[in-house]
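Engineer: Starting off with a structure, shown below.
The values are calculated or read from the model by the stated rules, or taken from the named source; none is laboratory data. Please read all numbers here as calculations on a predicted model, not as lab measurements. Note: ideal-geometry Cβ built from the backbone for every residue, glycine included; neighbour counts use all protein chains shown. Just the protein is used for accessible areas: all its heavy atoms, side chains included, with ligands, DNA and RNA removed. Shrake-Rupley method; radii C 1.70, N 1.55, O 1.52, S 1.80 Å.
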Amino acid sequence: MLERKESENNVYEISKSFAIRIVNLYKYLKEEKSEFIMSKQLFRSGTSIGANVFEGKNAQSRADFTNKMNVALKEATESAYWIDLLHETHFLNDKEFDSIYDECSKIIGVLTKIVKATKQ
(Lines give C-alpha, C1' and ligand atoms only; values in the text may rest on other atoms or scores of the structure.)
Protein backbone atom coordinates (compact mmCIF):
# COMPACT_ATOMS: atom_id res chain seq x y z
CA MET A 1 0.00 0.00 0.00
CA LEU A 2 2.87 2.39 0.79
CA GLU A 3 4.36 1.83 -2.68
CA ARG A 4 1.04 2.76 -4.30
CA LYS A 5 0.80 5.99 -2.28
CA GLU A 6 4.37 6.93 -3.25
CA SER A 7 3.55 6.23 -6.88
CA GLU A 8 0.40 8.36 -6.64
CA ASN A 9 2.33 11.25 -5.08
CA ASN A 10 5.06 10.88 -7.69
CA VAL A 11 2.60 10.96 -10.59
CA TYR A 12 1.01 14.10 -9.14
CA GLU A 13 4.38 15.85 -8.99
CA ILE A 14 5.53 14.78 -12.44
CA SER A 15 2.17 15.53 -14.07
CA LYS A 16 2.14 19.01 -12.50
CA SER A 17 5.71 19.64 -13.68
CA PHE A 18 4.72 18.41 -17.14
CA ALA A 19 1.68 20.73 -17.18
CA ILE A 20 3.92 23.70 -16.40
CA ARG A 21 6.20 22.73 -19.29
CA ILE A 22 3.18 22.38 -21.57
CA VAL A 23 1.91 25.85 -20.64
CA ASN A 24 5.33 27.32 -21.40
CA LEU A 25 5.60 25.33 -24.65
CA TYR A 26 2.14 26.56 -25.67
CA LYS A 27 3.20 30.17 -25.13
CA TYR A 28 6.42 29.57 -27.10
CA LEU A 29 4.62 27.89 -30.00
CA LYS A 30 2.05 30.68 -30.20
CA GLU A 31 4.45 33.60 -29.83
CA GLU A 32 7.59 32.34 -31.57
CA LYS A 33 6.27 29.84 -34.12
CA SER A 34 2.79 31.25 -34.78
CA GLU A 35 1.33 27.78 -34.33
CA PHE A 36 -2.17 27.85 -32.84
CA ILE A 37 -4.05 24.64 -33.61
CA MET A 38 -1.83 21.73 -32.54
CA SER A 39 -0.41 23.71 -29.62
CA LYS A 40 -3.94 24.31 -28.29
CA GLN A 41 -4.72 20.60 -28.52
CA LEU A 42 -1.49 19.80 -26.67
CA PHE A 43 -2.28 22.48 -24.09
CA ARG A 44 -5.66 20.87 -23.38
CA SER A 45 -4.46 17.28 -23.17
CA GLY A 46 -1.16 18.05 -21.44
CA THR A 47 -2.70 20.06 -18.61
CA SER A 48 -5.61 17.66 -18.26
CA ILE A 49 -3.28 14.88 -17.10
CA GLY A 50 -2.45 16.62 -13.84
CA ALA A 51 -6.01 17.81 -13.33
CA ASN A 52 -7.30 14.24 -13.48
CA VAL A 53 -4.52 12.95 -11.24
CA PHE A 54 -5.32 15.71 -8.74
CA GLU A 55 -9.03 14.83 -8.86
CA GLY A 56 -8.11 11.22 -8.25
CA LYS A 57 -6.56 12.18 -4.90
CA ASN A 58 -10.10 12.75 -3.61
CA ALA A 59 -11.80 9.92 -5.42
CA GLN A 60 -14.93 8.60 -3.76
CA SER A 61 -14.08 4.97 -4.46
CA ARG A 62 -11.43 2.71 -5.93
CA ALA A 63 -13.41 2.61 -9.18
CA ASP A 64 -13.57 6.42 -9.26
CA PHE A 65 -9.82 6.60 -8.65
CA THR A 66 -9.13 4.07 -11.41
CA ASN A 67 -11.36 6.02 -13.77
CA LYS A 68 -9.49 9.28 -13.08
CA MET A 69 -6.13 7.58 -13.63
CA ASN A 70 -7.46 6.02 -16.84
CA VAL A 71 -8.56 9.41 -18.14
CA ALA A 72 -5.16 10.86 -17.21
CA LEU A 73 -3.49 8.01 -19.10
CA LYS A 74 -5.61 8.70 -22.19
CA GLU A 75 -4.72 12.39 -22.02
CA ALA A 76 -1.03 11.53 -21.68
CA THR A 77 -1.24 9.28 -24.72
CA GLU A 78 -2.96 12.04 -26.68
CA SER A 79 -0.27 14.48 -25.57
CA ALA A 80 2.42 12.14 -26.90
CA TYR A 81 0.63 12.19 -30.26
CA TRP A 82 0.56 16.00 -30.43
CA ILE A 83 4.21 16.24 -29.36
CA ASP A 84 5.17 13.78 -32.08
CA LEU A 85 3.11 15.66 -34.67
CA LEU A 86 4.67 19.00 -33.68
CA HIS A 87 8.09 17.40 -34.12
CA GLU A 88 7.26 15.80 -37.47
CA THR A 89 5.98 19.15 -38.77
CA HIS A 90 9.16 20.90 -37.57
CA PHE A 91 7.62 23.07 -34.88
CA LEU A 92 9.80 21.23 -32.34
CA ASN A 93 13.45 20.47 -33.03
CA ASP A 94 14.99 17.14 -32.04
CA LYS A 95 16.29 18.38 -28.69
CA GLU A 96 12.97 19.95 -27.69
CA PHE A 97 11.10 16.86 -28.81
CA ASP A 98 13.38 14.40 -27.01
CA SER A 99 13.10 16.28 -23.74
CA ILE A 100 9.34 16.67 -23.57
CA TYR A 101 8.50 13.35 -25.22
CA ASP A 102 10.68 11.53 -22.68
CA GLU A 103 8.84 13.22 -19.81
CA CYS A 104 5.49 12.34 -21.35
CA SER A 105 6.58 8.72 -21.79
CA LYS A 106 7.54 8.52 -18.12
CA ILE A 107 4.11 9.78 -17.12
CA ILE A 108 2.47 7.20 -19.38
CA GLY A 109 4.57 4.48 -17.74
CA VAL A 110 3.67 5.53 -14.19
CA LEU A 111 -0.03 5.91 -15.02
CA THR A 112 -0.07 2.52 -16.75
CA LYS A 113 1.34 0.89 -13.60
CA ILE A 114 -1.20 2.66 -11.39
CA VAL A 115 -4.13 1.68 -13.60
CA LYS A 116 -3.00 -1.96 -13.76
CA ALA A 117 -2.44 -2.09 -9.99
CA THR A 118 -5.82 -0.60 -9.15
CA LYS A 119 -7.68 -2.93 -11.50
CA GLN A 120 -6.34 -6.01 -9.68
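Engineer: When a/c is below 1.5 the answer is rounded, else prolate if a/b is larger than b/c, else oblate, so apply that to segment 18-83 with a ≥ b ≥ c taken from the square roots of the Cα gyration tensor eigenvalues. Each step should come with its number before you reach the end.
Structural biologist: Working: a/c = 4.16, a/b = 2.58, b/c = 1.61.
Prolate, because a/c is 1.5 or more and a/b exceeds b/c.
Engineer: When the accessible area of segment 48-120 is split by element with a 1.4 Å probe, what percent falls to carbon and sulfur? Can you show the working numbers first?
Structural biologist: On the way: 2170 of 4100 Å².
Carbon and sulfur together cover 53 percent of it.
Engineer: Here is a further query. How big is Rg to Rh over the chain, alpha-carbon atoms, Rh as the Kirkwood inverse-mean-distance radius? Intermediate values should be presented prior to the final figure.
Structural biologist: Values: Rg = 14.7 Å, Rh = 14.5 Å.
Rg/Rh: 1.01.
Engineer: Per residue, how many Å² of accessible area does segment 10-120 show with a 1.4 Å probe?
Structural biologist: Working: 6230 Å² over 111 residues.
In whole numbers, segment 10-120 has 56 Å² accessible per residue.
Engineer: Past the 18 Å Cα-Cα mark, which pairs from Lys16/Lys106; Lys40/Lys95; Lys68/Lys116; Lys74/Lys113; Lys16/Lys116; Lys74/Lys106?
Structural biologist: Values: Lys16/Lys106 13 Å; Lys40/Lys95 21 Å; Lys68/Lys116 13 Å; Lys74/Lys113 14 Å; Lys16/Lys116 22 Å; Lys74/Lys106 14 Å.
As for pairs spanning more than 18 Å Cα to Cα, those are Lys40/Lys95; Lys16/Lys116.
Engineer: Report, in deg cm²/dmol and to the nearest 500, the calculated mean residue ellipticity at 222 nm for the chain, where each DSSP H run with n ≥ 4 adds -39500 (n - 2.57) and the sum is divided by the residue count. The partial results should precede the final answer.
Structural biologist: Numbers: 4 runs with 105 residues, N = 120.
That calculation yields -31000 deg cm²/dmol at 222 nm.
Engineer: Residue separation times 0.36 nm, minus the C-alpha to C-alpha distance between Arg21 and Thr77: what's the value?
Structural biologist: Details: separation 56, 0.36 × 56 = 20.16 nm, distance 1.63 nm.
Gain on stretching Arg21 to Thr77: 18.5 nm.
Engineer: Extending each Cα 7 Å along its Cβ direction at Ala51 and Asp98, get the distance between those two points in nm, one decimal.
Structural biologist: Going from the Ala51 label point to the Asp98 one covers 3.3 nm.
Engineer: Right, here's the next one. If the chain between Ile37 and Lys106 were fully stretched, how many nm would it gain, using 0.36 nm times the residue separation less the Cα-Cα distance? Write down the numbers at each step before the final one.
Structural biologist: Details: separation 69, 0.36 × 69 = 24.84 nm, distance 2.52 nm.
Result: 22.3 nm gained on full extension.
Engineer: What relative contact order, as a whole-number percentage, does the chain give when Cα pairs under 8 Å and 6 or more residues apart are counted? Please list the in-between numbers first.
Structural biologist: Values: 116 pairs, mean separation 33.8, N = 120.
Result for the chain is 28 percent.
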